[in-house]
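Novice: First, the structure itself, so that you have it in front of you.
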Amino acid sequence: MLNVIWLIPLLPLCGFVINVVLGRRLGDPKSGLLAAAMCGAAFIVTLVTYFDLVSRPEEARQHVATIFSWIPVGGLSVDAAFLADPLSITMALFITGIGTLIHLYAVGYMHGDPKFSKFFVYLNLFAFSMLMLVLGENMLVTFLGWEGVGTCSYLLISFWHTRESAATAGKKAFVTNRVGDWGFMIAMFLAFQAVGSLSYSALNSAAMGGTLVRSTATAITMMLFLGACGKSAQLPLYIWLPDAMEGPTPVSALIHAATMVTAGVYLMVRVNPVIATAFTWAPAVIAIVGAATALFAATVAVAQTDIKKVLAYSTVSQLGFMFLAVGSGAYVAAIFHMVTHAFFKALLFLGSGSVIHGMHHEQDMRRMGALRKLMPITAGTFIIGWLAIAGVPPFAGFWSKDEILLAAWAHPTNPALFKVLWGVGLFTALLTAFYMTRQVIMVFFGKARWEDHSGDHGAHGDFKPHESPAIMLLPLVALSGLSIVGGVLNLPFTDSTKRLLHWLEPLVHFGEIEGHASAGEKWGLAVGTAALCLASMGVAIFVYQRNRAQAVEPQILADGWRYDRFVSWFMGHPGRQAFEATAWVDRNIVDGAVNGVATGVRRSGAVLRRTQSGFVRNYALLIGGGVVLMLAWFLLRAVGVFG
Amino acid sequence: MSESTSFPILTALVLTPAIGAVVVSAVSKRRPDLVKLLALSFSGISAAMSIWLLCTFRSGEAGMQFVSKHAWIKPWGISWNLGVDGISIFLVVLTGLLWPIALLGADAHHDEKPYAAWLLVLQAGVLGSFMSQDLFLFFVFFEIVLVPMYFLIGRWGYEGRVYAATKFFLYTMVGSALMLVGLVTTALLARRDIGYMTFDIHEIATGSQFAASTGRWLFLAFAVAFAVKVPLFPFHTWLPDAHTQAPTAGSVILAGVMLKLGTYGLLRFNVFLFPEASRYFRPLLLTLAVIGIIYGAIVATVQKDLKRLVAYSSVAHLGFIVLGTFAFTSSAASGSVMQMINHGVSTGALFLMVGMISERRHTREIAQLRGLQKVAPIFAVVFTVVMLSSIGVPGLNGFVGEFLILTGTFLTARWWAVVAAAGVILAALYLLWAYQRVFHGEPDEANQSFRELSLREGLVLLPMIAAIFFCGVYPKAMLDRIEPSVKALLAHVEEQTGYEEPVPVAVPVSEPEHAKDTEHAAETEHKEGE
């Protein structure tokens, strides 16, 4: 079965092609169901591949399927080739699995949109690109997927392109990501120069075999991390992700929460031997950036009023956790959290979409409240997602977040720094529990504030929030199940329950850093963190449900510390002016010099003015004649002197 | 080099459009329909011949193929000497295919007869330039090209056409004059080493031993002419004017193949004839190329005229090609050759589409356009594909060339490659911003009636879109033909200068059960067979 892993990306590609050709004729909902079916078929193939892989002995769980030679020139030989190993298949499993659920959900969510089939064209193209990204055997195939998902992200964010904000957000996402892509490209150049190949196996085995020079490994790590910062929305390149919420909500769930934004984490895990070979400050930088992003985004999420913006900043924050894990050498924990996060964040986004759908496109949480009775299933599943992300045991998020914090706490080589990062991580976890509680209360509990504004919706007649159709609720229920039990992937109790660790072990054993923590420490950390998270939730209930204390939501937090505003100002003013100045120089200095010479020649030739009849063809004739004369002169001279 | 005794296909390829021009001139000017039909037929024949040429071209061979050599002016060693190799074959094919597209894709609006005739003359000149293996013959074709383009801009262009045409002509002429001096001197000096007078570039390249200082002067004489043609910063300012004022067909051809006369010339003549000087001036050319990439992109960003924006993007793209030419690695040089084609296709298509916009709206001002995606979604999709190809998204053609150029350049000129790679960020910026302003948003009244892509326009663009996808997914088909000639050229440089191309050594990897498809295995065998 491993020989047909190319089927996994091919199936969504087929869906894409069919919908390009027939999408309009299939229409709503058939084209959407077709797209979902293709994604589901890819999931089944992935599942079969997975079982095939599991049935093999550990050292044989790797398979390369080469389709054709893509770019063969000189020393460079890049194949269009796929790699099936525990890491890529784990990624493919949750991409196709969650992808299928979100495709189904979108059939309901996008119902009635005039560009219904086009939406699924893009969605299948995205699934294809994302699968290329994770299944690629070399960096260039990954880069193809990397840019492909970026392009799809651009197309889907600006899906409602007549809206100026959506168009701007799409462009911003693409251009910001390109900054990261520059890093990715430089990393590929470095890798090619160092090991003469772009395949991961060559790069990683050079790192493990000690032939990769330390400084090169550091440069590759940092450049790839720059790429990851773009794609996975880390400081300082995160700015595109909150704006990306302009896209339809299924897009936010699939691309900007569950799959695409985790690509950077995947990439870092994939090259973990290179990171391990780099100078120790390189992983430390990754951990610092991750922790800083986690904290930064969590503080911003506390003061957001848009239901999707809270989740967007929350995603940035959770991705920061994953990079903290990567920097701490806890690659399994990073992947574990990526998977559980995919479950509960997709659930939360889809839940928010269900709310928005039921609220007739209202996204402001200040105009919600008390929706649990009108949308019981949405509310119930959303609450499960909330408990999962807040770190309440035994929900999925608790287990994975705990592993990351433990890895930071027990980091052996640089305890002082990583203890600080652990503190930052813990505080972020508390903030997470706080702002998610705030969101749940504002949306589903308290007073129904939407009645106050019923006048605004006069055009709709009676404004009454309603529960979403079954096709949207089914994915919510499935994902909430996963959010409850997701932790079983890697329970820390005994060696045999650490399933994900054993599964990924062969790929990460070189880079994985074993922490030093006693059983007591581990228990203490887990229980303590959980207790503090519950306390933090209690505080939020105290403030928002009971209204016992004034909510503290300073404007500077709502504005995201004004960072995004500063960047926009900088690009719009000094940046723009510098560009304009360059164009001025081009017009007046560079071209001015050319025209100056021309004018000078013309003035000195004023005597010959009479020849200027004003007819273009006469000038041409003169010029042409001149050429002939010059030619003749050179030739005659040649003959005269040498002939 | 093998003499071909069969049908002189290359000579026929040059003569077909030339004869076409004569035939068209003989038709009454009251029959524009007949003129168009004849012009299309002749360019169709050239297109068919160029495809036949590509099909019979032997891949994996480095030397000149289909050579057709006849003495012309014996005493001076000038001959009618045509040939194609991996470096020129695709340029010849692109020239063959672009004319029918340009003729079908854009109208003359007035004076159809001279318009068609000049276009055909132009095609003969461009084809001749790409195929000439004789310096003098090349110069003749290179100059012939100027005249029709001058008239096309000057008579069928937009409001500022006379200024633009004159500037184009004079600017290029100054460069050409230097080249003429250079090429005559080259032949005369080479005579001392070879023993007889010849303009055959292969004889000169292998037989001559120029003193280093002489070689450098000669290099400069050629380089300035080609730098103007490319155009390389700071000789680029004629291009935005020429592009903006030229009729659509003129812009398409200018961007599609004429600028490549410069990059092709640098590779074919400068590097081949003066390897020592090429190595010597390498830092200068690399620097100008990188400046062009960044500077062209920055200036493109703030343009208000859509056509001017695309013109400046050409300055940036052509910078990549020059960068790859002077990196002296086989991947960079192959990438450059490929990028000449890619840029021709993508930018050619962009100019076609901008032409269609200005036909419909009678303006090229970005500020006057808005929300076109809503009223013309198919038009917008096609434009998006072309734009993404120009931005360099992998899977489409533009990426392969750029990536090869940058990877190869990184091996020999690391920091230049690092800066040049930043050009990809700017490319996304100027194109997406322009796209947003033109296609996104709610269309206002003037743009409400924007016509959707017609069937004819779609058919004209179809081969270009197909090429964009094909070259991005399976560039091997091109690279197999390009690479041997590029390698031979680099081997020539290595032999003459003692330079050694750095080739990264692949670290052997032990991979468990490496399954290869049968196709791939066959290709590997094929390579070993060579």
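Just so you know, all these numbers are worked out from the coordinates, no wet-lab data involved. Worth saying up front: this structure is predicted, and the values here are computed from it rather than measured. As a convention, Cβ positions derive from the backbone with ideal geometry for all residues, glycine included, and neighbour counts pool all protein chains shown.
Novice: Within 10 Å, at most 14 other Cβ atoms, and a DSSP state outside H, G, I, E, B define an exposed site. Report the longest part of chain B free of exposed trypsin sites (Lys or Arg not before Pro).
Specialist: By the stated rule (loop sites, at most 14 other Cβ atoms within 10 Å), B:59-303.
Novice: Can you give me the P(r) profile for the stretch A:175-305? Cα pairs, bins 5 angstrom wide beginning at 0, each as a whole percent.
Specialist: The percentages, shortest bin first, are 2, 11, 19, 22, 18, 12, 8, 5, 3, 1, 0.
Novice: Tell me which of B:L309, B:G344, B:V386 sits at the most positive position along the dipole axis of the protein assembly as shown, charges placed on C-beta atoms (Lys, Arg +1; Asp, Glu -1).
Specialist: Farthest along the dipole direction, towards plus: B:L309.
Novice: Roughly what % antiparallel, to the nearest 5, for the DSSP beta bridges in the protein assembly as shown?
Specialist: That works out to approximately 80 percent antiparallel.
Novice: Multiplying the sequence separation of B:S213 and B:S59 by 0.36 nm and subtracting their Cα-Cα distance, what value in nm do you get?
Specialist: Residue separation times 0.36 nm, minus the Cα-Cα distance, leaves 51.7 nm.
Novice: I'd like the Kirkwood hydrodynamic radius of the stretch A:1-136, using the inverse of the mean 1/r over distinct C-alpha pairs, in Å.
Specialist: The Cα-based Kirkwood calculation yields 15.5 Å.
Novice: Taking θ = phi - 60°, what integer Hz values does the Karplus form 6.51 cos²θ - 1.76 cosθ + 1.60 yield along the stretch A:296-309, in sequence order, with x for Gly and Pro?
Specialist: These are the phi-based 3J(HN,Hα) values: 3, 5, 5, 5, 6, 4, 4, 10, 7, 10, 7, 4, 7, 5 Hz.
Novice: Still on this structure, I have one more. Using the number of other C-beta atoms within 10 angstrom as an exposure proxy, rank B:S50, B:S390 with the fewest first.
Specialist: Exposure proxy ranking, most exposed first: B:S50, B:S390.
Novice: If you don't mind, there's one more thing I want to ask. Given only helices, namely DSSP H runs of n ≥ 4 each adding -39500 (n - 2.57), what is the per-residue ellipticity at 222 nm of chain A, to the nearest 500 deg cm²/dmol?
Specialist: It comes out at -23000 deg cm²/dmol, rounded to the nearest 500.
Novice: At a Cα cut-off below 23 Å, give the lysines reachable from A:K373, other chains included and same-chain residues fewer than 8 away excluded.
Specialist: Counting by Cα, and skipping residues close in sequence, A:K373 has these lysines nearby: A:K308, A:K345, A:K447, A:K464.
Novice: Treat every Asp and Glu Cβ in the protein assembly as shown as -1 and every Lys and Arg Cβ as +1, leave all other atoms uncharged, and give the resulting dipole magnitude about the Cα centre to the nearest 20 debye.
Specialist: With Lys and Arg at +1 and Asp and Glu at -1, about 3000 debye.
Novice: What value, in deg cm²/dmol to 500, does the helix sum -39500 (n - 2.57) over DSSP H runs of n ≥ 4 give at 222 nm once divided by the residues of chain B?
Specialist: The per-residue figure over chain B is -23500 deg cm²/dmol.
Novice: For a paramagnetic label modelled at 7 Å from the Cα of A:E514 toward its Cβ, which residues of the stretch A:303-332 fall within the zone defined by backbone nitrogen distances under 19 Å?
Specialist: Flagged as within label range: A:328-332.
Novice: Run the simple label-point estimate for A:A549 and A:R25 please: 7 Å along Cα→C-beta, distance reported in nm.
Specialist: With each label point 7 Å from Cα toward Cβ, the separation is 6.4 nm.
Novice: Between B:A48 and B:H110, what length in nm is gained on full extension when 0.36 nm per residue of separation is reduced by their alpha carbon distance?
Specialist: Extra length available between B:A48 and B:H110 comes to 19.5 nm.
Novice: Please identify which residues in the stretch B:230-244 have an amide N closer than 15 Å to a label point set 7 Å out from the Cα of B:L284, following the Cα→Cβ vector.
Specialist: Under 15 Å, as judged by backbone N against the label point of B:L284, lie B:232-235 of the stretch B:230-244.
Novice: Fewest first, what order do A:V251, B:V174 take by the number of other Cβ atoms within 10 Å?
Specialist: B:V174, A:V251
Novice: Moving on to the next point. Using only the alpha-carbon atoms, what does the protein assembly as shown span along each of its principal axes? Please give whole angstrom values in decreasing order.
Specialist: Computed over the protein assembly as shown, the largest-to-smallest principal extents equal 104, 68, 51 Å.
Novice: With θ taken as phi - 60° and the coefficients 6.51, -1.76 and 1.60, list the Karplus ³J(HN,Hα) couplings across the stretch B:76-87 in order, rounded to whole Hz; mark glycine and proline as x.
Specialist: With the stated coefficients, the stretch B:76-87 comes to 9, x, 9, 9, 7, 10, 10, x, 10, 9, x, 6 Hz.
Novice: According to a simple spin-label model (label point 7 Å from Cα along Cα-to-Cβ), what is the distance in nm between B:F469 and B:V505?
Specialist: 4.4
Novice: Give a residue-ordered list of calculated ³J(HN,Hα) values for the stretch B:254-270 (Karplus: 6.51 cos²θ - 1.76 cosθ + 1.60, θ = phi - 60°; whole Hz; x for Gly, Pro).
Specialist: So the J values, rounded to whole Hz, are 4, 6, x, 10, 5, 5, 5, 4, x, 5, 5, x, 4, 6, 6, 9, 5.
Novice: Rank the residues B:L103, A:L203 as a footprinting-exposure proxy: fewest other Cβ atoms within 10 Å of their Cβ go first. Before the final figure, lay out each step's value.
Specialist: Numbers: B:L103 23, A:L203 29.
The order, fewest Cβ neighbours first, is B:L103, A:L203.
Novice: Give me the number: length gained by fully extending A:T413 to A:A60, i.e. 0.36 nm times residue separation minus the C-alpha to C-alpha distance, one decimal in nm.
Specialist: Working: separation 353, 0.36 × 353 = 127.08 nm, distance 3.27 nm.
Gain on extension, A:T413 to A:A60, equals 123.8 nm.
Novice: Let me ask something else. Straight-line reach from A:K498: which aspartates and glutamates have a Cα under 15 Å away, not including same-chain ones fewer than 8 places off?
Specialist: A:D402, A:E403, A:E512, A:E514
Novice: Specify whether the C-alpha gyration tensor of the stretch B:279-497 places it in the rounded, prolate or oblate class, a ≥ b ≥ c being the square roots of the eigenvalues: rounded for a/c under 1.5, otherwise prolate if a/b is larger than b/c and oblate if not. Display every interim value, and only then the final one.
Specialist: On the way: a/c = 2.96, a/b = 1.85, b/c = 1.59.
Prolate, because a/c is 1.5 or more and a/b exceeds b/c.
Novice: I need the calculated FRET efficiency for the pair A:V539 and A:R499, taking r as the beta carbon distance and R₀ as 51 Å, to the nearest 0.05.
Specialist: Rounded to the nearest 0.05, the efficiency is 0.90.
Novice: Would you work out if the stretch A:1-51 is rounded, prolate or oblate? Take a ≥ b ≥ c from the square roots of the eigenvalues of the alpha-carbon gyration tensor; rounded if a/c is under 1.5, else prolate when a/b is larger than b/c, oblate otherwise.
Specialist: Because a/c hits 1.5 or more and a/b fails to exceed b/c, the stretch A:1-51 counts as oblate.
Novice: Which semi-axes, in whole Å and largest first, does the equivalent ellipsoid of chain B have when worked out from the alpha carbon gyration tensor as the square roots of 5 times its eigenvalues?
Specialist: 35, 29, 23
Novice: Next up: What order do you get for A:36-42, A:67-73, A:118-124 when each peptide is scored by the mean count of other beta carbon atoms within 10 Å, highest first?
Specialist: A:118-124, A:36-42, A:67-73
Novice: Shifting gears a bit: Report, for chain B, the % of DSSP beta bridges that are antiparallel, rounded to 5.
Specialist: So the antiparallel bridges in chain B amount to around 80 percent.
Novice: Please give the residues of the stretch A:504-546, grouped as numeric ranges, whose backbone N is less than 15 Å from a label point set 7 Å along the Cα-to-Cβ vector of A:T280.
Specialist: A:513-516
Novice: How large is the convex hull of the C-alpha atoms of chain A per residue, in Å³?
Specialist: Value for chain A: 237 Å³ per residue.
Novice: Using a Cα-Cα cut-off of under 17 Å, which lysines could be cross-linked to B:K229, ignoring same-chain neighbours fewer than 8 residues away?
Specialist: Cα-Cα hits under 17 Å: B:K167, B:K260.
Novice: How long are the semi-axes of the ellipsoid equivalent to the stretch B:15-103, from square roots of 5 times the Cα gyration tensor eigenvalues, in whole Å, largest first?
Specialist: Value: 29, 20, 8 Å, ordered largest first.
Novice: Counting C-alpha atoms alone, how compact is the stretch A:258-340: give Rg to one decimal and Dmax as a whole number, in angstrom.
Specialist: 13.2, 44
Novice: Taking H placed 1.01 Å from N in the peptide plane, check which residues at least 5 places from A:A81 or on another chain put their amide H under 5 Å from its amide H.
Specialist: A:I67, A:E137, A:N138
Novice: While we're on this one: In the stretch B:68-161, how does Rg compare with the Kirkwood Rh, expressed as the Rg/Rh ratio over alpha carbon atoms?
Specialist: When Rh is taken as the Kirkwood radius, the ratio is 1.06.
Novice: Under a plain spin-label model, where a point goes 7 Å from the Cα along Cα-to-Cβ, how far apart in nm are B:V174 and A:F68?
Specialist: Inter-label distance under the simple model: 4.8 nm.
Novice: How long are the semi-axes of the ellipsoid equivalent to the stretch A:50-197, from square roots of 5 times the Cα gyration tensor eigenvalues, in whole Å, largest first?
Specialist: They are 31, 23, 11 Å, listed from largest to smallest.
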